[in-house]
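Heads up: the structure comes next, in structure tokens.
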Amino acid sequence: MTDQAIATKTATDDIAGLDQHDTLMRRLVVIYLPLFVFVFVLLFPFYWMAITAIKPNHQLTNYQDYSPFWVIRPTLEHIRYLLFDTSYPGWLWNTMIVSIFSTIISLAASIFAAYAIERIRFSGARVTGMMIFLAYLVPPSILFIPLAFIVFQVGIYDTRLALILTYPTFLIPFCTWLLMGYFRSIPFELEESALVDGATRWQILTKIVLPLAVPGLISAGIFAFTLSWNEFIYALTFISSSENKTVPVGVLTELVRGDVYEWGALMSGALIGSLPVVILYSFFVDYYVSSMTGAVKE
Amino acid sequence: MSTTIENRRRVAARSGTPILSRLSESRNGLGLLFMLPAAVFLLCFLTYPLGLGIWLGFTDTSIGRSGIFIGLENYEWLWHDSVFWLSVFNTLLYTSVASVLKFILGLWLALILNEHLPFKNLFRAIILLPWVVPTVLSALAFWWIFDSQFSIISWVLMEWGLIERPINFLGDPNNARASVIAANVWRGIPFVAICLLAGLQTIPQSLHEAAALDGASSWQRFRYVTLPLLTPIIAVVMTFSVLFTFTDFQLIYVLTRGGPVNATHLMATLSFQRAIPGGQLGEGAAIAVAMIPFLLGAILFSFFGLQRRKWQQGSAD
């Protein structure tokens, strides 16, 4: 044990004693090279998506005469086809409507629920909090069959309303769980002094708690919007007519026809469908990260 | 729950004043009022369907025809169904291999990002992209990358002279399994890496310094300082990761639809296939219900992971 400890000690001392150049080499191999490989692998599919979207058809599969990694005379033909000759704009619109409304509904319901669980502390609040967490763990892939049954019986099959009403099932648990963490971080004293000054619960919530929890609301809202935009299995099951489809379902079920794949149009569809969430994400990276890690850390 | 309902009845019965204002005076009444919107949604569209799903598993309901109770017949049928067992095997294989890979690669990436790097935030933002983009749309890109004739991977390998003809990524059972796992790992690494990075950043630097002063090598510092402190968050992150991987649907549906010859059918995709295009809602529901025991196992694991974390932090609540 002691021998080993001494041996490693001298080893570390050696490393510390080496000159700057060697440490740089070591950092290059141990850190920058793997990082480069990771970034390359994680980003390559997006590059491939983008380059395919602007490649003219004759270059798409002709790897002999044209390098597959580059494009000569890029074209907007695929995007034009997508926007003017298919129902793609309608799918974008549907996805937007569904995502916005389900996010607003979930956020509103979650604010009240999280505040009640964290601050009103009614009897059974802790159990309710635990149930919310469990609800978050129920995956859509075991709910879609009975939900399809319900959606059909209620008579909202093949409408956007079906999606707006079912998306909150996975958004509310997540948003509530996240907001509970934010509300917990707001000092009790602020609320107490407001109570002493004669504020009602409603006033406390709207005038004190919510303004302080704005970062949490942004995080939850962005995350909920992204989750609804990405949702697939409910939209695939509950929607049948082309004009009501969302982007992921529409691209997959309507643009893939027969055996001849129009890769250019497919990849433009994937690219344009990803852009709204990527743009939103790029503006709010920190909020996004904090909501993702917050849900896990709590 | 029951106490709040009793409370409401009592308050409503006691006086003629509007229920709303009476309710908001008591703590429990106000709590109930605030919980109401979320509770209505979750009871109608989560708890009820969950129960309904279990019930449907005991019936022979099909699309357009309400079924009758047939007991365990669906499950007996599945018990003798080799495709179902193949899907169970595939799901376990897919979940275990993908989760292990996501964990190792994700932890590695988190450790790299935890070093002092220029443009660290930029890297973090870029790395999360695969997780942000809709799965179906990135899976379409993988579909094109895995094309049997014009795959870019095959082309590069052929240019380098490593292979003779294009790899049949999605047409051969084992290749198809490897391909979908690769695509899943690609999408899952960012989640694991960023969550573990958040955990790494909470470990005080002073512990590392103390260990280094005591002569610990970098491996020993990782093994005896970083890893034990990271274990609770690893437990939670991996539970989520396992849960999402186990119930995965989108990726398989886009890339292979369960083929070739059911080699990549997961329980979720098989359930969809039998219930929606096949019309056998009862049988599909039974397959979905068969996933629940596995999920419960993962949730219990997560619960104990959380408990241990609370205990380690010495928090009372």
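The values are calculated or read from the model by the stated rules, or taken from the named source; none is laboratory data. The structure displayed is predicted, hence computed values, not measured ones. Glycine gets a Cβ as well: all are built from the backbone with ideal geometry, and neighbour counts include every protein chain shown. Accessible surface is based on the protein model in full, side chains and every heavy atom, while ligands, DNA and RNA are left aside. Shrake-Rupley method; radii C 1.70, N 1.55, O 1.52, S 1.80 Å.
For this structure, a couple of remarks:
- Relative contact order for chain B, counting Cα pairs under 8 Å that sit 6 or more residues apart, in percent: 25 percent
- Calculated on C-alpha atoms, the gyration radius of chain A divided by its Kirkwood radius gives an Rg/Rh of 1.11.
- Heavy-atom accessible area ranking, 1.4 Å probe, most first, across A:F84, B:F246: A:F84, B:F246
- Percentage relative contact order, chain A, counting C-alpha pairs under 8 Å, at least six apart: 27 percent
- Projected over every direction and averaged, the convex hull enclosing the alpha-carbon atoms of segment B:118-198 yields 7.0 nm².
- Positive-end residue, chain A charge dipole about Cα centroid, Cβ charges, pick of A:P248, A:P168, A:P140: A:P168
- Taking every protein chain into account, the accessible area of segment A:174-298 amounts to 38 square angstrom per residue (probe 1.4 Å).
- For chain B, adding -39500 (n - 2.57) for each run of n ≥ 4 DSSP H residues and dividing by the number of residues yields -22000 deg cm²/dmol at 222 nm.
- Choice from B:F301, B:F123, B:F89 showing the highest fluctuation, given a GNM over chain B with Cα pairs closer than 10 Å: B:F123
- Summing charges over neighbours of A:M96, with a neighbour being any other residue whose Cβ is under 14 Å away from its Cβ, gives +1 when K and R count +1 and D and E count -1.
- Accessible surface, 1.4 Å probe, highest first, among residues A:S241, A:S123: A:S123, A:S241
- Rounded to the nearest 10 Å², the accessible area of B:I70 at probe 1.4 Å: 40 Å²
- Candidates A:V196, A:V71, A:V30: whichever shows maximal mean-square fluctuation once chain A is modelled as a Gaussian network with Cα springs under 10 Å: A:V30
- Near B:T59, the amide H atoms lying under 5 Å from its own belong to B:I70; only residues 5 or more places off or on other chains count, and H is placed 1.01 Å from N.
- Chains B and A together bury roughly 9000 Å² of accessible surface, counting both sides and using a 1.4 Å probe on protein heavy atoms.
- Net charge contributed by nearby residues that have their C-beta within less than 12 Å of A:E254 (K/R +1, D/E -1): -1
- Modelled FRET efficiency - R0 35 Å, A:V256 with A:L212, Cβ distances, 0.05 increments: 0.15
- Hypothetical label at B:R257: residues of segment B:77-95 whose amide nitrogen lies under 12 Å (7 Å Cα-Cβ projection): none
- Chain B: Cα Rg divided by the 2.2 N^0.38 Å rule of thumb: 1.29
- Global geometry of the protein assembly as shown, whether rounded, prolate or oblate, following the gyration tensor of its Cα atoms and the 1.5 cut on a/c: oblate
- Area of B:E115 that stays accessible when all protein chains are in place (1.4 Å probe, Å², to 10): 70 Å²
- Cα-Cα pairs of segment A:153-298 separated by more than 19 Å (percent): 65 percent
- Computed on protein heavy atoms with a 1.4 Å probe, the accessible areas place A:M131, B:M267 in the order A:M131, B:M267, largest first.
- Spin-label model, B:N114 to A:Y47: label points 7 Å out along the Cα-to-beta-carbon direction sit 2.9 nm apart.
- Legend: calculated FRET efficiency, A:R80 to A:L24, from the Cβ-Cβ distance at R0 = 45 Å, rounded to 0.05, equals 0.35.
- Here segment A:58-209 is treated as a Stokes sphere of Kirkwood radius computed over C-alpha pairs; at 10 °C and 1.306 mPa s its diffusion coefficient rounds to 80 µm²/s.
- Remark: spin-label model distance B:A210-B:I68 equals 7.2 nm, labels positioned 7 Å along the Cα→Cβ axis.
- Solvent accessible area, Å² - B:F240, 1.4 Å probe, full protein context: 10 Å²
- Total lysine pairs under 30 Å (Cα atoms) in the protein assembly as shown, excluding pairs fewer than 8 apart on one chain: 7
- Per-residue HN-Hα couplings for segment B:83-92 [Karplus 6.51, -1.76, 1.60; θ = phi - 60°; Hz; x = Gly/Pro]: 5, 4, 5, 4, 5, 5, 4, 4, 4, 5
- Computing FRET efficiency as 1/(1 + (r/R0)^6) for A:R184 and A:T159, where r is the C-beta to C-beta distance and R0 is 56 Å, gives about 0.90.
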